[in-house]
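Below is one structure; the comments refer to it alone.
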Amino acid sequence: MSTITERRTRSGEFISYLFRLCQQDKGAAARLRRAANPATEYQSWEVLGGFGIKLDNDTERRVHALIASALANSRAEKNGSLKLGKAIFDSYPKDNDSKQAKARLLRLLACDSAQEACLILRPLLKLIQSRVSQPLDYELLLNELLWFGDKTKARWAQQFYAREEREESSL
């Protein structure tokens, strides 16, 4: 009888590591909470470098720092299943025709690089965490930012607009 083991991705290992670290070391969690701010990002380098993140690669470092900060700021105890497009949609009241949500999504979709997306996502992730109780899928978001491109943006738009269509059809 063989045991089936789940193959973990590097991103999955990073997310699991962050959850364990934040639960065990409140000082490290506090440093990670400041990682999304470019002025204080360096405080997270010990954790990022210790995991093998290339600190001299701006994109890799900033993407991992953003996700580490968002995870440390979240109330989640484990990785969630909420995708970014749906989370943006769920962050705004449905009675105002989602104009603010669409504007936020469109600004994110206009990004040309993962670094630019990180700058736009920083306040957006804080907004999502303050308004949506379901935890984000941080592993998926990390992978989407590491492989940022048109396919990633199309997935985010699909998640957002598919959610919007379901809301309209239920009325």
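What is the number of the single condition among (1) within 23 Å of Gly12 (Cα to Cα); (2) part of a helix (DSSP H, G or I) that Ala76 does not meet?
Going through (1) within 23 Å of Gly12 (Cα to Cα); (2) part of a helix (DSSP H, G or I) one by one, Ala76 breaks only (2).
With the structure loaded, tell me whether Arg20 is among the basic types (Lys, Arg), more than 13 Å from the chain's Cα centre (by Cα), under 22 Å from Leu124 (Cα atoms) and assigned to a helix (DSSP H, G or I) or whether it fails that test.
When the stated conditions are applied, Arg20 does not pass them.
Filter the range 110-121 down to residues that are part of a helix (DSSP H, G or I) and buried (at least 17 other Cβ atoms within 10 Å of the Cβ), then give me how many there are.
Of all residues in the range 110-121, those part of a helix (DSSP H, G or I) come to 114-121.
Narrowing the set further to residues that are buried (at least 17 other Cβ atoms within 10 Å of the Cβ) leaves 114, 117-118, 121.
Adding up the residues that qualify gives 4.
So, in the range 23-36, exactly how many residues are part of a loop (DSSP other than H, G, I, E, B) and either touching a residue at least 40 places away in the same chain (Cβ under 8 Å) or among the acidic types (Asp, Glu) (or both)?
2
Any residue in the range 83-96 that is in a helix (DSSP H, G or I), basic (Lys, Arg) and under 20 Å from Phe148 (Cβ atoms)? Full working, then the answer.
First, the residues of the range 83-96 that are in a helix (DSSP H, G or I): 84-90, 94-96.
The next check asks that each one be basic (Lys, Arg); those that pass are 86, 94.
Okay, now just the ones that are also under 20 Å from Phe148 (Cβ atoms), so 86.
Among the residues of the range 83-96, at least one is in a helix (DSSP H, G or I), basic (Lys, Arg) and under 20 Å from Phe148 (Cβ atoms), which makes the answer yes.
A quick yes/no check of all residues on (1) of a type outside the set (S, T, N, Q); (2) outside any helix (DSSP H, G or I); (3) within 23 Å of Phe19 (Cβ to Cβ):
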| residue | (1), (2), (3) |
| --- | --- |
| Ser44 | no, no, yes |
| Gly49 | yes, no, yes |
| Arg61 | yes, no, yes |
| Ile67 | yes, no, yes |
| Leu71 | yes, no, yes |
| Ala101 | yes, no, no |
| Leu108 | yes, no, no |
| Ser133 | no, yes, yes |
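Run down Ser91, Ser133, Ser98 and say which single residue is buried (at least 20 other Cβ atoms within 10 Å of the Cβ) and at pLDDT below 95.
Checking each option against the conditions leaves just Ser98.
Answer yes or no as to whether Thr59 is surrounded by 13 or more Cβ atoms within 10 Å (Cβ to Cβ), of a type in the set (Val, Ile, Thr) and more than 15 Å from the chain's Cα centre (by Cα).
Against the criterion (surrounded by 13 or more Cβ atoms within 10 Å (Cβ to Cβ), of a type in the set (Val, Ile, Thr) and more than 15 Å from the chain's Cα centre (by Cα)), Thr59 does not qualify.
The values are calculated or read from the model by the stated rules, or taken from the named source; none is laboratory data. Just so you know, these numbers come straight off a predicted model, no measurement behind them. As a convention, Cβ positions derive from the backbone with ideal geometry for all residues, glycine included, and neighbour counts pool all protein chains shown.
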